[in-house]
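Read through the structure below, which is laid out as structure tokens, and then see the notes.
All of the numbers you see were taken from the coordinates with simple rules; none came from a lab. Just so it is clear, the model here is predicted, and its values are computed rather than measured. As a convention, Cβ positions derive from the backbone with ideal geometry for all residues, glycine included, and neighbour counts pool all protein chains shown.
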């Protein structure tokens, strides 16, 4: 493999450039991932759902969150109709906010997920650490609604993501086209991108073109 490069498992979905930020954590395995992903099955007996990110806290970093949904909307004897990638929340920056000083700005909710005509649904939650301060964790709350129009929600599940991690970022050393697996990065080993076998987060200047990648190789430094 070429020096000053890293390689990822799947082709890049979007073009990236030298202004993109590659976020990682300096550790092996799961503890070294700047990204965490969750899949939550939504019960059929509810009218709607939403996801709430709570990034209020005493110390920590900014995160980026995204919510997508896969829905089963119909059955026949031979076919299951699936609506894929309903976008409840595009990649969104969620700042770390101290509750006592600036309330609510660290709380972001997804769009309401209408389940009126849905037999089954899975909500896919992605969250990435995009700040350099040691993070205590971001709370994620999945809520469901039992009535069609009343704005009253029940918590289905809640959990904390990215706790105990400290992230850093590097930049690509040039333009990378969509569809490539090799990303040029100056001195990736010295820069601590040599913990392979983990997810990284690439934050694009166009936030919707950000993406999660799984690193499989790290080339030598020049």
Check: Which of 202, 141, 94 comes first, and how do the rest follow, when ranked by fewest Cβ neighbours within 10 Å?
Finding: 141, 94, 202
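Please report 181, 198 as a ranked list, fewest other C-beta atoms within 10 angstrom at the top and most at the bottom.
Final ranking by Cβ density, sparse to dense: 181, 198.
Can you give the direction-averaged projected area of the convex hull of the alpha-carbon atoms in segment 36-161, in nm²?
Taking the Cα atoms of segment 36-161, their convex hull projects to 8.1 nm² on average.
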Check: Of 206, 130, 70, which has the largest mean-square fluctuation in a 10 Å C-alpha GNM of the chain?
Finding: 206
Next item on the list: Please provide three numbers in whole Å: the alpha-carbon extents of segment 132-188 along the principal axes, with the largest listed first.
Entry: 53, 30, 15
Next item on the list: Just the Kirkwood number for the chain, please: inverse of mean 1/r across all distinct Cα pairs, in Å, one decimal.
Entry: 18.6
